[in-house]
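Working notes, beginning with the structure itself.
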Amino acid sequence: MNKITETLMRIVSEYDGDLKGAYNIREDGGCAARQSTENIKIESKEDKPGLEVHIKAGTKGETVSIPACVTRGGVDDLVYNDFFVGEDADVTIVAGCGVHTDDGGDARHNGIHRFFLAKGAKVLYTEKHVGTGEGTGKKSIDPVTEIFMEEDSVLEMDTVQIRGVDRSVRKTSATLAARAKLVVRERIMTDGEDFAQTDFDVVLNGEDSGADLVSRSVARGKSRQVFNSWMRGMNRCTGHSECDAILANDANVVAAPALEADHVDAELIHEAAIGKIAGEQILKLRTLGLTEEEAEEKIISGFLK
Amino acid sequence: MLRLEHVAWTTPDGDQIVRDIDLTIGNGKLVVITGPNGSGKTSLVKLVAGIMEPTSGRIYLDGEDITDADVTERAKKGIAYAFQQPVKFKGMTVKDMLELAAGEDMPFVNVCGLLGKVGLCAEEYIDRELSGSLSGGESKRIEIATVLARNAKLSIFDEPEAGIDLWSFTRLVETFQELQNEQKGTLLVISHQERILSIADEIVVIADGVVEKAGPRDEILPQLLAQPHMACCPQGKREIW
Ligand SMILES: Nc1ncnc2c1ncn2[C@@H]1O[C@H](COP(=O)(O)OP(=O)(O)O)[C@@H](O)[C@H]1O
Ligand SMILES: [Mg+2]
């Protein structure tokens, strides 16, 4: 793999010269390295670009990393990855993505991920996105995540878009069977002319299923963000979504959360707040000796932590 | 030494909240400011901390005129202020805040020691977020701990008793006494509590934006206690105002 991929991987994955567990490193649309383990098989798809990852029932404590890097302009990478997580498995999936361009060409990564969680399966899914490089080409990442959860499965999704991504449209949908639990934590920072959109579509089908979506974002410069969420309670269930945005400069944020209850025992809650950093927060930190700029940085980095 | 000379603050609407206050607070002293609600106590200490600017008058710290120094500069010169209404922060933990206040990373034992001074158990609170999930009394005590963490030359506490339970209050009074005995810094406490007033070296009574009376505790406290409107609480938490 090339130097840029290595640098990007250090940011978006747990790569430190080496990756533990099963992995597949994707570089500019090709496969740079791959390793399966006894319990986790990674195979190429036959019909289209992408992977099929099979995790055996009962696999505990293992990690699958599938970093994807676009290291130059003029690459438009589209990939379909499917994860089949066996019954009662408990694993971590790390899907970092970095896009880099040093020239005028656009660099885009579009990953379509599907997760099939069998009964009782537990997954921690982390996804970090970053854009780097001095090129004028647009860096974009458009992830699509489709989650299918059987009874008693649990998926925790941590998604972070750190910096430098000019454009991202992220679509996440999930269908939950009885007692399945979905937790999504999203952190987004945009600046300059960036645009980031998030669409959540969660269907709580099963009895006592539950979902918790928490999105925190910071929009600076002239950037724009759109948060759409649609949570549907089709049974006795609990759903909570929260969208909190800090706005600075001339940024623009739209939060359009929707809740739909189709069952009398569906309990759905949404909270949304958009605003600049509270003046009293800055004051408090200044009374500790921080300058105004230092205070702002602290507040933002804490908020996005 | 903190010295206020003819300090006044008038709202943009022309209301005189703090009028011509002269006050000298000696190093290492525990001075309690008391007075009715709305008399201008919080405004006065905000002027000292640099959170508000006086309309007129000068403020000196150890002989240096700090009237034109902003909040950050005053903090760096050794003024610490515990807000009457603690500020909430999403994403910042108790540990983060204490470390910011102390200006350094803090091992668990130090966090434990600090929170212990306000009657909180570190195990339970160290990783709590300073958000809406804390009760009023809990955030108040954490706010006090952030000021204690600073080891400042002048520490200001604005109604530290507000919203906290009797046991924690007792712990807090002990903490103030410990600081008073160590003589490391000056303590300026706004309070209505007899138990805090009774450990003061000096008491300043503010009414309607002016110093109504000021002097040693033994001179002022009996006068306050003799006031007919004094409330009495069976648990011994007597409110003067
Ligand atoms: N920023 C402000 N603008 C206008 N009025 C204020 C402001 N701050 C305080 N006040 C008013 O000043 C008076 C004194 O307030 P404060 O100093 O908080 O009193 P205390 O702490 O003694 O209860 C109150 O009537 C309050 O409403
Ligand atoms: Mg007050």
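Values in this text are rule-based calculations from the coordinates and carry no lab data. All of these numbers come straight from a predicted model, not from anything done at the bench. When we count neighbours, we look across all protein chains shown, and the Cβ atoms used for this are built from the backbone with ideal geometry, even at glycine.
Figures for the structure shown
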| quantity | calculated |
| --- | --- |
| Radius 14 Å from Cβ of A:HIS109, net charge of other residues (Lys, Arg +1; Asp, Glu -1) | 0 |
| Compactness index (Cα Rg / 2.2 N^0.38 Å), the protein assembly as shown | 1.20 |
| Potential extension, A:ALA272-A:ASP201 segment - 0.36 nm per residue separation minus Cα distance | 23.9 nm |
| Whether the stretch A:1-40 is rounded, prolate or oblate, judged on the alpha carbon gyration tensor where a/c under 1.5 counts as rounded | oblate |
| Sites matching GluC sites (Glu not before Pro) across the stretch A:1-40 that sit in DSSP coil, with at most 13 neighbouring C-beta atoms within 10 Å | A:GLU38 |
| Computed P(r) (all Cα pairs; the stretch B:64-136; 10 Å bins; percent) | 17, 44, 29, 10, 0 |
| Computed label-point distance, nm, for sites A:ASP102 and A:VAL264 using a 7 Å Cα→Cβ extension | 6.7 nm |
| Computed [θ] at 222 nm, deg cm²/dmol, the protein assembly as shown (DSSP H ≥ 4; -39,500 (n - 2.57); rounded to nearest 500) | -6000 deg cm²/dmol |
| Rotationally averaged projected area of the stretch A:10-69 (alpha carbon convex hull; nm²) | 4.5 nm² |
| Label-to-label distance, nm, for residues given as B:ARG58 and B:ASP20 (7 Å Cα→Cβ offset) | 1.9 nm |
| Efficiency of FRET from Cβ geometry, B:GLN223 and B:ALA162, R₀ 30 Å, rounded to 0.05 | 0.80 |
| Zone residues, the stretch B:100-141, relative to B:ASN151, backbone N less than 18 Å from point 7 Å out along Cα-to-Cβ | B:100-118 |
| Percentage, to the nearest whole number, of Cα pairs in the stretch B:2-240 over 23 Å apart | 49 percent |
| Rounded FRET efficiency, nearest 0.05, which uses the C-beta distance separating A:ARG185 from B:VAL109 and R0 of 22 Å | 0.10 |
| Shape category assigned to the stretch A:3-280 from the gyration tensor of Cα positions, a/c cut at 1.5 | oblate |
| Cα→Cβ-extended label distance, 7 Å offset, between B:THR10 and A:VAL214, nm | 4.9 nm |
| Ranked A:ILE277, A:ILE25, criterion: other C-beta atoms within 10 Å, fewest first | A:ILE277, A:ILE25 |
| Leading residue at positive end of dipole, chain B (Cβ point charges), from B:GLY209, B:PHE157, B:ILE126 | B:ILE126 |
| Karplus-derived 3J(HN,Hα), 6.51/-1.76/1.60, for each residue of the stretch A:70-81, Hz, glycine and proline x | 10, 10, 7, x, x, 10, 10, 9, 10, 9, 10, 10 |
| Per principal axis, descending, Cα span of the stretch B:172-225 in whole Å | 32, 20, 17 |
